[in-house]
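Just so you know, all these numbers are worked out from the coordinates, no wet-lab data involved. All figures in this text were calculated on a predicted structure; none of them were measured in a lab. In this analysis, Cβ positions are derived from the backbone assuming ideal geometry, glycine residues included, and neighbour counts consider all displayed protein chains.
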Amino acid sequence: MLSWEKSSSVASMKRERAWVEIDLAALADNVRQLKRLLLPATELMTVVKADAYGHGAVTIAQTALQCGATWLGVATIPEGIELREAGITAPILLLGATNTPEQIRAIARWQLQPTLGTPKQALVCAETLNQSTHRSPFPVHLKLDTGMSRLGAPWQQSAEFVQLVQRLPQLQIASLYSHLATADDPNEAVMRQQQARFNRAIAQIRSAGIPLPRLHLANSAATLADADLHYDLVRVGLATYGLHPAPHLQSKINLKPVLQVKARVTQVKTLQPGTGVSYGYQFIADRQMPLAVVGIGYADGVPRNLSNRIDVLIRGQRVRQVGSITMDQLMLDVTNLPDLQEGEIVTLLGQDGKEQISTEDWATLLNTISWEILCSFKHRLPRLTVNQPIPPQISQVKESVLPHLEPETVARSNSLDS
Ligand SMILES: Cc1ncc(COP(=O)(O)O)c(C=O)c1O
């Protein structure tokens, strides 16, 4: 009997075909390191939009909040509701636009906090609250466009915009913010221009006699680049997940990737010379060749454009992928592993022994960014947590006596499969 058939537990069923592993200890360490970059008064918002960049929003949010984050950022109302339904009470900023009364009612009902980027959005918001039973101060975050050309009021009109919102008694300005377009570029010119515009907008507001709300500008790259960009809060996504936004920022912090993608070998066979592999015969064996089939494909989020271009890891060794990646399966040339068995684990992204395949590797091959790769893994892949972080104050206590840990979440990387 194969090792993966021995146990019928839910944990092993989830590891039956293919899955995403989320290393909570790495996440906790990344968040704590990020927090250490900030002045004590500067708050950390963990950006958990898009299901926490594919990592699973609720688990990531809970862990980040335990490790020092005090705010969460989401893009959409349903993303915020998911966190509230999981019992998360931390303030949640909606980074996307809010335009309609229905949206405002949902935001009020779930105690989310909207971004307003136009006078019209502010007026609709106030009017909707006026007509509702909502009576407590309704926190809103005003967004300025300082050069991203996405959401936000023109930075030159910051004082008028803030004044208009200030005159609406239903609304309470919780923050003023902007977003950087090129913070990951080693050439800082555009970022510094945006920062200067943000500072001029702040000066305009101050000279209009308006008390300054909480201010924020920095994403991951800006948080790593310069403490001068931190203001009162930083909004960090990518770095939380252990990836560096740009090579030149690598030395600033020692982040560890949180996500790994793994799958099982489902069949092993021997090809005769001249045998074609997969749709379109994009690969033809030039010799007798052992071939492994793996249960993961582009419907799981492994881009088909990586066909014939990637290695994967098995038993700590690099193995090349051959033939077109199909919807649910892909094939490997396992010449180096002649005794490979069905059920063995294949690491597509992550570490196995001394070898590592990174999200950046795939992003480079596909001429895209690691943000997009992280977000591409589909929900068909269960997200499994490993390495439950040990709270610092009880780090000396052995894992076996920690009260609240589920067996599934204390697994150390691949150890369940041995
Ligand atoms: C407004 C805003 N702030 C912060 C972030 C976090 O960016 P990053 O993942 O680069 O840290 C994002 C993500 O796109 C965003 O849209």
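Quick notes
- Of the residues LEU243, LEU384, LEU123, the one that moves most in a GNM of the chain with alpha-carbon contacts below 10 Å is LEU123.
- Spin-label model distance (nm) - MET13 vs LYS269, 7 Å beyond Cα toward Cβ: 3.0 nm
- All aspartates and glutamates inside 16 Å of LYS49 as judged from Cα atoms, apart from same-chain residues fewer than 8 positions distant: GLU79, GLU82, GLU85, GLU372
- FRET E, pair ASP228, ALA106, Förster distance 41 Å, beta-carbon r, rounded to 0.05: 0.65
- Only helices enter this figure: runs of n ≥ 4 DSSP H residues, each worth -39500 (n - 2.57), summed and divided by the residues of the chain, yield -8000 deg cm²/dmol at 222 nm to the nearest 500.
- Build a GNM of the chain with springs between Cα atoms under 10 Å apart, and of ARG309, ARG15, ARG109 the one that fluctuates most is ARG109.
- Going from the fewest other Cβ atoms within 10 Å to the most, the residues GLU21, GLU82, GLU102 appear in the order GLU102, GLU82, GLU21.
- Ranked for footprinting exposure by Cβ neighbours inside 10 Å, fewest first, LEU332, LEU151 give LEU151, LEU332.
- 19 Å Cα-Cα reach of LYS14 towards lysines, excluding residues that sit fewer than 8 places from it in its own chain: LYS6, LYS262, LYS378
- Net charge dipole size for the range 38-252 [Lys, Arg +1 and Asp, Glu -1 on Cβ; Debye, nearest 20]: 480 debye
- For the chain, modelled as a GNM whose springs connect Cα atoms under 10 angstrom apart, the maximal fluctuation among ILE60, ILE369, ILE210 occurs at ILE210.
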